[in-house]
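Here's the structure we're looking at; comments come further down.
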Amino acid sequence: MKFLIVEDDKDIADFIRRGLMEAGHIADHWPCGQDGLHHLTTGSYDAAVIDRLLPDIDGVTLLRQARAGGNATPVLMLTALSAVAQRVEGLEAGADDYLVKPFAFSELLARLNALARRPALNAAPPNISLGSLAVDRLKRRVTVNGAAVDLLPKEFMLLDFLLLHKGELVTRTMLLEQIWGFHFDPKTNIVETHMSRLRKKLGKAEKHLRTVRGAGYVIDEIR
Amino acid sequence: MTLAYVGSFLFCMLFIGWTVLALLNKTLLGQLDSRLNEAAADIIQSSRSELNATAELERKRAESKEFLYRLDGHSAHGETLIPASITKCQSFDAADMPEDGRRGDAFRACAAEGQGYRITAASDIDVIEDTNTSVQLGFLGSGLAALLFALAAGRRLSGHYLRRLDSIRSTAASIADGDQNARLPLTHQGDEFDRVAGGFNAMLDRQRELIEAHKHSGSAIAHDIRTPLTRLRNKIETRQRRLGSALAAELTAEVDALLSLASALLRLAEVDNTADQKHWRTLDLAQQARDVVEAFEPSFSDANGKITYKGATAAFVHADQNLIQQLIANLVENALQHSGEKPNAEVSVSASGAALILGVTDSGPGLPQSQIERFEKPFYRLERSYDSSGTGLGLALAAAIARRHKTKLTVANGDPGLFVSVALPARRNDAETGG
């Protein structure tokens with residue numbers, strides 16, 4: 001995939017670019033807002049990483065202008081502060097996701113993957129199956145080998161979110177934000193405890209769920 | 001207080017009035033006496049014999065009706081109603097004095113002796129009494145006017161002072177609420193209040209500088225330390241294969257613990273230093289509490305315990321949703337940590353007057369009274385051993401969130417366990433009633 005990075009901090013930009021290239025992607029980097037805006041609107045990117053604070057025009061303004069011009073490229077905004085106000089402002093300007101510096105590269109990559117695939121998610125099928133596991137997303141019904149599995153709403157949301165991102169790493173923070181709406185980091189392993197409930201209920205089908213230590217989860221076909 | 005002022009004011013007015021009146025009386029009487037003496041002596045001096053004096057007296061009577069005269073010698077002559085016994089000067093009442101339109105009841109008479117006879121000159125003293133009355137009326141009138149004026153001026157002045165004091169009080173209150181930019185208003189009239197306010201503001205500026213410096217040192221360290229920690233974390237991540245996944249995960253967990261400490265410090269500073277309410281909205285506190293209970297339910301049951309929600313089905317407050325979620329979560333985590341082997345916790349939302357009480361009760365041993373009292377103090381941090389989060393900041397952050405919502409955490413020993421609560425003003429649900 002092809003990503004655009006608009007970030008004035010050279011170290012962070014290099015860190016992101018190298019990581020993306022190592023993961024097999026193409027990354028263009030521009031250190032200032034005007035160039036970033038120009039390339040975001042004229043180029044064709046799967047997703048963009050834009051810093052909130054830039055030397056010329058700030059990230060929020062850049063994004064507002066791009067969105068006003070009809071550009072719909074998924075954008076992940078970077079910021080140094082976790083202030084809720086800033087996050088909301090970024091999202092209001094048209095950012096699709098928000099990440100607080102410093103971040104683990106795996107977190108950024110997982111989010112970019114999710115963003116880049118977002119257009120496909122809008123057309124997600126109402127039924128998803130994986131091996132013996134079948135999910136009816138409209139009726140919110142889950143079966144394993146045809147036998148109904150009784151999931152709590154949050155457990156269903158967890159499974160559904162993972163299935164929509166099949167084969168991709170979904171991080172703990174992404175799940176906290178998406179499933180619980182928690183934009184902070186609880187010390188208790190909320191995600192882990194719910195995930196282990198889900199595993200128990202899925203029985204044999206839990207083999208599709210893979211834990212990536214220190215990062216998150218992947219749901220996949222069994223190789 | 002005001003009555004005491006009015007009382008002493010009236011007393012002073014009466015005292016001054018009385019003194020002035022007494023002095024005035026004395027002076028006027030003195031003047032009258034000397035004129036009477038002069039008139040009596042004048043007759044004696046100008047008349048050698050008693051007969052001459054009689055003629056002179058008649059002449060004077062015809063000339064002016066100012067004074068009345070009496071002559072006492074071989075026989076009495078003149079106004080016989082003037083008592084003969086008067087020596088020097090004396091006042092007397094003469095109810096029988098013939099009324100001639102000018103004479104009153106009270107008289108003053110002075111006598112002079114010589115050439116073998118005595119002349120007494122007398123005058124009514126109504127003039128003096130009239131003067132007395134007008135002076136009294138004048139004093140009473142001006143006293144009342146002065147009193148009313150003083151009351152009005154005092155009221156106006158004290159109102160002015162009270163307003164200035166009130167502005168100092170409200171500024172102090174907003175500073176206590178975390179608004180470091182609040183300053184006392186200046187009128188630029190160069191009065192004492194402006195001087196005090198100026199000094200106060202200068203002190204606040206200095207204090208803010210110090211706080212900023214202090215604050216920034218804390219969050220700057222936290223901020224700076226995050227960058228190398230993140231680099232370290234990324235290195236562990238990329239060298240996972242060489243390190244072995246078990247070791248890599250262990251190292252990552254350690255680095256993550258440090259990173260979350262730094263984040264917690266930054267978050268604490270952030271919550272304490274923002275006063276912006278742009279993103280506050282009306283939200284269902286009961287719903288937030290149930291969501292958190294649901295999120296933590298597996299953690300409690302994994303430890304053979306239980307977390308329950310009790311209380312209102314819907315209860316609205318005006319607040320920052322993210323912070324409220326974190327507040328409840330931090331209190332629940334605290335309960336989980338301090339409830340021993342089979343942790344039980346109850347989250348509740350109940351109405352108390354115009355407020356909603358969000359509370360979390362744990363099944364732990366509670367806190368000694370001394371710690372509870374210290375806990376109530378604004379910037380108190382619980383001892384590390386008690387705090388749950390591992391960063392030592394979980395409850396501190398909860399307290400900061402409470403402060404941010406202009407309230408505070410309250411702790412009390414329940415039966416059993418500790419009851420930590422926060423009161424928030426209840427809000428009508430705009431979304432519901434407004435359609």
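The values are calculated or read from the model by the stated rules, or taken from the named source; none is laboratory data. Only a predicted model underlies this, so the values are computations on that prediction, with no experimental measurement involved. Glycine also receives a Cβ, built like all others from the backbone with ideal geometry; neighbour counts cover every protein chain displayed.
Numbers for the structure displayed
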read-out	value
Odd one out for A:THR41 among (1) over 30 Å from B:GLN326 (Cβ atoms); (2) within 14 Å of chain B (Cβ to nearest Cβ)	(2)
Any hit, region B:266-279, residues being within 9 Å of another protein chain (Cβ to nearest Cβ), within 24 Å of A:ILE190 (Cβ to Cβ) and either modelled with pLDDT of 85 or more or part of a loop (DSSP other than H, G, I, E, B) (or both)	yes
Residues located in region B:230-253, provided they are more than 7 Å from chain A (Cβ to nearest Cβ) and either polar (S, T, N, Q) or within 18 Å of A:THR211 (Cα to Cα) (or both)	B:ILE236, B:THR238, B:GLN240, B:ARG241, B:GLY244, B:ALA246, B:LEU247, B:ALA248, B:GLU250, B:LEU251
Where A:LEU169 falls short, out of the listed (1) of a type in the set (A, V, I, L, M, F, W, C); (2) within 14 Å of chain B (Cβ to nearest Cβ); (3) over 23 Å from A:ALA124 (Cβ atoms)	(3)
Test: residue in region B:212-225 that is closer than 21 Å to A:GLU107 by Cα, exposed (fewer than 11 other Cβ atoms within 10 Å of the Cβ) and at the interface with chain A (Cβ under 10 Å from one of its Cβ atoms)	no
Meets criteria (part of a helix (DSSP H, G or I), surrounded by fewer than 20 Cβ atoms within 10 Å (Cβ to Cβ) and more than 48 Å from the chain's Cα centre (by Cα)) for B:ASP256	yes
Some residue of region B:127-136 being of a type in the set (D, E, K, R), surrounded by fewer than 12 Cβ atoms within 10 Å (Cβ to Cβ) and not in a loop (DSSP other than H, G, I, E, B)	yes
Some residue of region B:177-186 being modelled with pLDDT of 85 or more and small (Gly, Ala, Ser)	no
Among (1) surrounded by fewer than 19 Cβ atoms within 10 Å (Cβ to Cβ); (2) hydrophobic (A, V, I, L, M, F, W, C); (3) more than 40 Å from the chain's Cα centre (by Cα), the one test that B:ALA202 misses	(3)
Criterion (within 14 Å of chain B (Cβ to nearest Cβ) and not aromatic (Phe, Trp, Tyr)) met by exactly one of A:LEU99, A:LEU130, A:LEU115	A:LEU99
So B:ALA182, is it more than 14 Å from chain A (Cβ to nearest Cβ) and either not hydrophobic (A, V, I, L, M, F, W, C) or not in a loop (DSSP other than H, G, I, E, B) (or both)	no
Tabulated pairs, region A:204-223, first within 14 Å of another protein chain (Cβ to nearest Cβ), second aromatic (Phe, Trp, Tyr), C-beta under 9 angstrom, 6+ apart or interchain	A:ARG210/A:TYR217; A:THR211/A:TYR217
Test result for B:ALA150, touching a residue at least 40 places away in the same chain (Cβ under 8 Å), touching a Phe, Trp or Tyr at 6+ places or on another chain (Cβ under 7 Å), assigned to a helix (DSSP H, G or I) and farther than 30 Å from B:LYS408 by Cβ	yes
Considering residues of region B:20-51 that are basic (Lys, Arg) and assigned to a helix (DSSP H, G or I) only, the residue farthest from B:ASP72 (Cα to Cα)	B:LYS26
Total residues in region B:345-371, condition of a type in the set (S, T, N, Q) and either touching a residue at least 60 places away in the same chain (Cβ under 8 Å) or within 20 Å of B:ALA396 (Cβ to Cβ) (or both)	3
Output for region B:291-310, where each listed residue is in a helix (DSSP H, G or I), in contact (Cβ under 8 Å) with a residue 40 or more places away in the chain and surrounded by fewer than 23 Cβ atoms within 10 Å (Cβ to Cβ)	B:VAL293
Selected residue [crowded, with 22+ Cβ neighbours inside 10 Å, in contact with a strand residue (DSSP E or B) (Cβ under 7 Å, 6 or more places away or on another chain) and within 14 Å of another protein chain (Cβ to nearest Cβ)] from A:GLY90, A:GLY36	A:GLY90
